[in-house]
Amino acid sequence: MEKKIQETPVDTHPTFVLAEPPQGGLWDTVLDQLDDVAHRLDLDPGIHAILRQPERELTVSVPVVMDDGLIKVFTGYRIQHSSARGPCKGGIRYHPDVNLNEVRALAALMTWKCAVVGIPYGGAKGGVQCDPSQMSENELCRMTRRFTAMIMPIIGGKRDIPAPDVNTNAQTMAWITDTVSMLERKTVIDVVTGKPIPLGGSLGRKEATGRGVAIVTAELLKRKRKKLADTTVAVQGYGNVGSHAATILNQMGCTIVAVSDVSGGLYNPQGLDIASINGHVTAHPQHLLEGYAARGVAKINNEELLTSKADVLIPAALEHQIRADNAPFIQANMIIEGANGPTTREADEILDNRGITIVPDILANAGGVVVSYFEWVQDLQCFFWDESEVNRNLRRILVRSFKEVWDFSREQGVSMRLGAYMLAVDKVASAVRDRGVFP
Ligand code: NAD
């Protein structure tokens with residue numbers, strides 16, 4: 001007999017209240033930054049107006065039959081900020097705080113990021129407002145497949161190519177690939193990046209964002225005439241970006257003194273044993289630091305991590321972690337933004353006045369999208385590179401981009417953030433100008 005869905009009122013599960021997108025937050029930060037840069041570049045007001053608004057926004061409802069047979073309806077978004085420089089590109093995030101304005105902001109950051117590192121993409125982002133820690137693998141699979149079907153009209157290898165972000169991974173990308181392939185009745189591998197290797201993923205993609213963070217950290221240390229072996233590092237967020245950044249910097253000779261995730265943090269001024277922490281995280285059912293203990297390691301909370309004694313601070317969790325209330329107490333004199341938008345505008349000003357050098361997100365965490373670009377190129381050609389080629393090309397692009405931003409910022413007498421934004425917005429504005437306004 002056909003299995004029937006239980007007849008109960010929809011959404012009997014505790015759910016998130018969908019309100020108007022909150023004012024303020026990262027979207028306001030992104031617009032303020034754009035307005036400032038537009039003024040400095042003396043940008044044409046029409047082009048400025050185009051860049052202030054995403055090109056296309058899609059909000060979808062995503063009904064999912066949960067494991068207990070009840071239906072829960074989630075809200076998802078896919079937002080394309082700009083396709084002026086090429087197909088849109090950006091991750092998909094699963095998190096309770098996902099909302100329209102956050103996705104808008106993250107889409108715009110992708111536009112600037114692709115421009116600053118000179119890869120031929122525009123910017124997009126997607127997300128589903130959900131709490132994946134409370135969902136089973138099967139529920140996540142069904143949600144991903146339905147979300148994919150709902151956003152399918154606007155994604156595709158030449159239109160908009162999603163990738164992993166917070167709480168999504170290679171498995172999520174595999175479900176998207178399969179769903180699109182089933183619905184299109186052919187194998188479609190160029191629709192997402194960050195896929196498992198057997199499905200057309202790229203070697204080096206998983207580590208790419210963290211590797212990029214490590215590469216730009218090394219470039220900054222070189223400019224500061226500081227040796228890697230004399231450098232201490234604190235990392236907030238021990239997920240994909242943070243754990244790989246910590247591991248690679250540790251392999252390069254840095255001492256990692258503090259790490260944290262949503263379950264809390266660890267601190268050892270003599271240096272943490274990153275290999276043993278990675279072993280613990282891999283074995284933990286939710287891949288958390290929780291429960292790790294070793295001699296000389298103190299438990300700290302996330303606020304303590306941000307203000308701990310280290311030369312380099314790498315925020316690699318979520319946005320707006322460094323704010324006006326904690327910025328005055330940050331001890332690091334270099335901040336490498338692994339996360340997107342981890343610093344508020346007010347905090348940015350405080351840190352700038354304190355002479356702390358910040359490598360901005362759109363440069364610091366661009367390694368992921370650069371290797372996503374390599375994955376897409378390999379998929380289109382059905383010709384796959386070995387890992388050393390991926391890493392060599394990643395390094396080449398990031399070292400060149402870092403130099404461009406560093407030199408330009410010094411010439412202009414502005415922070416690296418402002419320099420990176422000025423270079424990026426100028427490139428996107430040129431593309432808009434060259435293409436003209438259709439029709
Ligand atoms: P992830 O889900 O793998 O990891 C996020 C980590 O942050 C987890 O360890 C989680 O426990 C921790 N975390 C969450 N809330 C926290 C809190 N309040 N305090 C401390 N830690 C907390 O996600 P990810 O892919 O590593 O992404 C992290 C950041 O990097 C995000 O801002 C994301 O947009 C950005 N980013 C990711 C990529 C990528 O390739 N994955 C690329 C560019 C930028």
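Brief remarks on what is shown
- The listed residues are ILE336, ILE330, ILE322, and the only one of them that is crowded, with 17+ Cβ neighbours inside 10 Å, aliphatic (A, V, I, L, M) and touching an Asp or Glu at 6+ places or on another chain (Cβ under 9 Å) turns out to be ILE322.
- Flag if LYS89 is assigned to a strand (DSSP E or B) and either acidic (Asp, Glu) or surrounded by 24 or more Cβ atoms within 10 Å (Cβ to Cβ) (or both): yes
- Any hit, the range 382-390, residues being buried (at least 17 other Cβ atoms within 10 Å of the Cβ) and in contact with a Gly (Cβ under 6 Å, 6 or more places away or on another chain): yes
- Checking ALA429 against (1) under 22 Å from the mean Cα position of the chain (by Cα); (2) surrounded by 16 or more Cβ atoms within 10 Å (Cβ to Cβ); (3) of a type outside the set (D, E, K, R), the condition it does not meet: (1)
- Residue within the range 1-24 that is within 26 Å of ARG345 (Cα to Cα) and either surrounded by 16 or more Cβ atoms within 10 Å (Cβ to Cβ) or at pLDDT 90 or above (or both) present: no
- Residue in the range 141-150 that is in contact with a helix residue (DSSP H, G or I) (Cβ under 6 Å, 6 or more places away or on another chain) and surrounded by 23 or more Cβ atoms within 10 Å (Cβ to Cβ) present: yes
- Inter-residue pairs, beta-carbon under 7 Å, first small (Gly, Ala, Ser) and in the range 205-232, second within 16 Å of the ligand (Cβ to nearest atom) and not in a helix (DSSP H, G or I), 6+ apart: GLY212/ASN365; GLY212/ALA366
- The range 193-226, residues that are touching a Phe, Trp or Tyr at 6+ places or on another chain (Cβ under 6 Å) and part of a loop (DSSP other than H, G, I, E, B): THR193, SER202
- Selection status of HIS320, within 16 Å of the ligand (Cβ to nearest atom) and outside any helix (DSSP H, G or I): yes
- Selected residue (criterion: farthest from the chain's Cα centre (by Cα)) from residues of the range 163-176 that are farther than 21 Å from ALA317 by Cβ and crowded, with 23+ Cβ neighbours inside 10 Å: ILE176
- Considering the range 351-437, the qualifying helices (runs of 4 or more DSSP H), each wholly inside and each with 2 or more residues that are of a type in the set (Gly, Ala, Ser) and more than 30 Å from LEU203 (Cβ to Cβ), run over 416-435.
- Only listed residue being within 16 Å of the ligand (Cβ to nearest atom) and among the charged types (D, E, K, R), chosen from ARG223, ARG205, ARG142, ARG185: ARG205
- Leading residue by the ranking (farthest from ILE350 (Cα to Cα)) among those in the range 367-413 that are touching a residue at least 24 places away in the same chain (Cβ under 8 Å) and of a type in the set (Val, Ile, Thr): VAL390
- The residues on offer are ALA294, ALA275, ALA229, and the sole one that is part of a loop (DSSP other than H, G, I, E, B), farther than 20 Å from ALA208 by Cβ and more than 13 Å from the ligand (Cβ to nearest atom) is ALA294.
- Inspection of the range 251-268 finds no residue satisfying the criterion of being assigned to a helix (DSSP H, G or I) and within 16 Å of the ligand (Cβ to nearest atom).
- Residues located in the range 145-166, provided they are part of a strand (DSSP E or B) and either within 13 Å of the ligand (Cβ to nearest atom) or of a type in the set (A, V, I, L, M, F, W, C) (or both): ILE161, PRO162, ALA163, PRO164
- Exactly one residue out of GLY265, GLY279 is in contact with a strand residue (DSSP E or B) (Cβ under 9 Å, 6 or more places away or on another chain) and not hydrophobic (A, V, I, L, M, F, W, C), and it is GLY265.
- Only one of the numbered conditions (1) within 16 Å of the ligand (Cβ to nearest atom); (2) surrounded by fewer than 16 Cβ atoms within 10 Å (Cβ to Cβ) is violated by ARG78, and that is (2).
- Residues of the range 232-250 satisfying the condition of being among the β-branched types (Val, Ile, Thr), within 16 Å of the ligand (Cβ to nearest atom) and surrounded by fewer than 24 Cβ atoms within 10 Å (Cβ to Cβ): THR247, ILE248
- Annotation: PHE147 fulfils all but one of (1) touching a Lys or Arg at 6+ places or on another chain (Cβ under 7 Å); (2) among the aromatic types (Phe, Trp, Tyr); (3) within 28 Å of ALA84 (Cα to Cα); the unmet one is (1).
- So LEU313, is it in a helix (DSSP H, G or I), closer than 27 Å to ILE362 by Cβ, within 13 Å of the ligand (Cβ to nearest atom) and at pLDDT 95 or above: no
- Subset of the range 109-139 that is in contact (Cβ under 8 Å) with a residue 60 or more places away in the chain, part of a helix (DSSP H, G or I) and over 18 Å from the mean Cα position of the chain (by Cα) - its residue that is farthest from the ligand (Cβ to nearest atom): ASN138
The values are calculated or read from the model by the stated rules, or taken from the named source; none is laboratory data. All figures in this text were calculated on a predicted structure; none of them were measured in a lab. All Cβ positions, glycine included, derive from the backbone under ideal geometry; neighbour counts span all protein chains shown.
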